[in-house]
Amino acid sequence: MTRLNVLPALVFLALGVFTGALFWAPHADRATYLHLMLAVGAMPLIFGAMSHFIPVLTRTREAEAGIALIPMAALAGAALAVAAFALGGLAQGWQSGAGLAMAAALALFVWSRRRRAAMLGKPHACLAWYEAALACLFVALLSIFAAGFWPQHFPALRRLHLHLNTLGFIGLTALGTLAVLLPTAAGRPDAGAALRLRQNLPWAFGGTLLIAAGAAWFAPLAWLGAAAWALALARLGTAWLRLYRAEIFAPHGAAPLLASAAAGFALCLPAGAAAAIGVTLDPARLFIAAFLLPLVSGAASQLLPVWLRPGVQNAWHGDLRRRLGRHNGPRALLYLGGGLAAGWHLEWGLPLSAATLLWFLLQAAASLILVQQGKTS
Ligand code: HEM
């Protein structure tokens, strides 16, 4: 099996796990359902997506078949961690899960550096975002590993872990990818994307480190970090509104979801800051419902066709993409509404997000069946 065959399975695994975990959330232990979504659902999919994009960004040959084992190792690590949570928080389970996922992160990082060294010329600026994201994940997992040896530091290491993972691992991967993916979805290149990625990385990466260290040990640093991230997001947002306003506010297509994911991520910064000074908000739920769900649904709308049938693009790909992108405009609003409500502790927030995701999942399944049957839209 080549690596590319694994990606659609990881997309459907993530969408299925997200939907199940969201409906289960009101009755489940918080860390268990959050890790089901973030570690079991999102982490292996991100690894799979990175191993698809790294050869593109380095203009090198397609990934070797063995690279498919990396997302699988991450999935096994995540499953171990969730099992440890479900069994009441077994430190050995956390440590084994973290160790396995760290090995996967390191393997992908080393592979990326090798591809970078083997290529002619310079890689696309997005590659550095992926490497920064993998470094964040590695340190985030190391902090859980370390907490097993220094339980007295658990609260600080937990805060370090959660911020490095959410803003660093998922955030940097997503914002790096979105800078390339939204112009692709809109069908018009963004001539400034590579330069903006290069200029924004120190602010986004530095901002993540400051927020994580600040949340763990010294709060004022976190405010500086949030300001740095806000600057990077403001630059991206202004460019997008100038270039892609029509696609972003359209009723269909991947662009409305991709842009609303970036907006959802931006909202997490003030929500996190407000929660830190005692406002009763839940930034983790906002992160999931207003950022992660539109991100994965939007990316799937654009990328599933090429991941299902890599190679020359034809009418089949266009037809499937059109079907997957149908009604993404209203879906973006529903995700945003559900995310804001969930972040505000309103009971209907997560069920609304879950129902919106289920709608996308069913639409994706129906679209696949119809394009397989050769029905044109
Ligand atoms: C795969 C190995 C992982 C292990 C062993 C692990 C372990 C832990 C542990 C022990 C905690 C503290 C739970 C508590 O407060 O009781 C925690 C919290 C957290 N982790 Fe992980 N984690 C892993 C992966 C991830 C990933 C990949 C993400 C996100 C991308 C993530 C996001 C979080 C978040 C958001 C929290 C805070 C949960 C809350 O608000 O209660 N973790 N993790």
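The values are calculated or read from the model by the stated rules, or taken from the named source; none is laboratory data. All values derive from a computational prediction rather than experimental measurement. When we count neighbours, we look across all protein chains shown, and the Cβ atoms used for this are built from the backbone with ideal geometry, even at glycine. Surface accessibility is based on the protein's heavy atoms, side chains included, excluding ligands, DNA and RNA. Shrake-Rupley method; radii C 1.70, N 1.55, O 1.52, S 1.80 Å.
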Practice prompt. May I ask you to compute the full-extension gain from residue 316 to residue 348, defined as 0.36 nm times their residue separation minus their alpha-carbon distance, rounded to one decimal in nm?
Written response: 7.7 nm
Worksheet item: Which three semi-axes in whole Å describe the equivalent ellipsoid of the chain, each the square root of 5 times a Cα gyration tensor eigenvalue, listed largest first?
Response: 29, 23, 22
Item to complete: State the Cα centre-to-centre distance between segment 120-197 and segment 312-377 in whole Å.
Response: 25
Practice prompt. Over all alpha-carbon pairs of segment 1-60, lay out the pair-distance distribution in 10 Å bins, whole %, shortest bin first.
Written response: 24, 41, 24, 10, 2
Worksheet entry | q = 0.10, 0.14, 0.21 Å⁻¹: log10 I(q)/I(0) that the Debye formula gives for segment 230-377, counting C-alpha atoms only | -0.38, -0.69, -1.22
Discussion item. Per residue, how large is the accessible surface of the chain? Use a 1.4 angstrom probe and give square angstrom.
Written reply: 42
Worksheet item: Is the shape of segment 109-189 rounded, prolate or oblate, going by the alpha carbon gyration tensor and its root eigenvalues a ≥ b ≥ c, with a/c under 1.5 for rounded and a/b larger than b/c for prolate?
Response: oblate
Worksheet item: For segment 272-321, what log10 I(q)/I(0) values come out of the Debye formula at q = 0.19, 0.29, 0.31 1/Å, with one point per alpha carbon and no solvent?
Response: -0.66, -0.98, -1.04
Worksheet item: Carbon and sulfur together cover what percent of the accessible area of segment 245-334 at a 1.4 Å probe radius?
Response: 69
Worksheet item: Is the shape of segment 31-76 best called rounded, prolate or oblate, per the rule: a/c under 1.5 gives rounded, else a/b larger than b/c gives prolate, else oblate, with a ≥ b ≥ c the square roots of the Cα gyration tensor eigenvalues?
Response: oblate
Practice prompt. Just the number, please: carbon plus sulfur as a percent of the accessible area of segment 63-161, 1.4 Å probe, no ligands or DNA/RNA counted.
Written response: 73
Worksheet entry | From phi via Karplus (6.51, -1.76, 1.60), per-residue ³J(HN,Hα) for segment 207-215 in Hz, x at Gly/Pro | x, 4, 5, 5, 5, 5, 5, x, 5
Discussion item. What percent of all Cα-Cα pairs in segment 325-377 falls into each 5 Å bin, going from 0 up to the bin containing the maximum distance?
Written reply: 4, 21, 22, 18, 13, 10, 6, 4, 2
Worksheet item: Peptides 288-294, 129-135, 239-245: what's the order by average Cβ count within 10 Å, highest mean first?
Response: 288-294, 129-135, 239-245
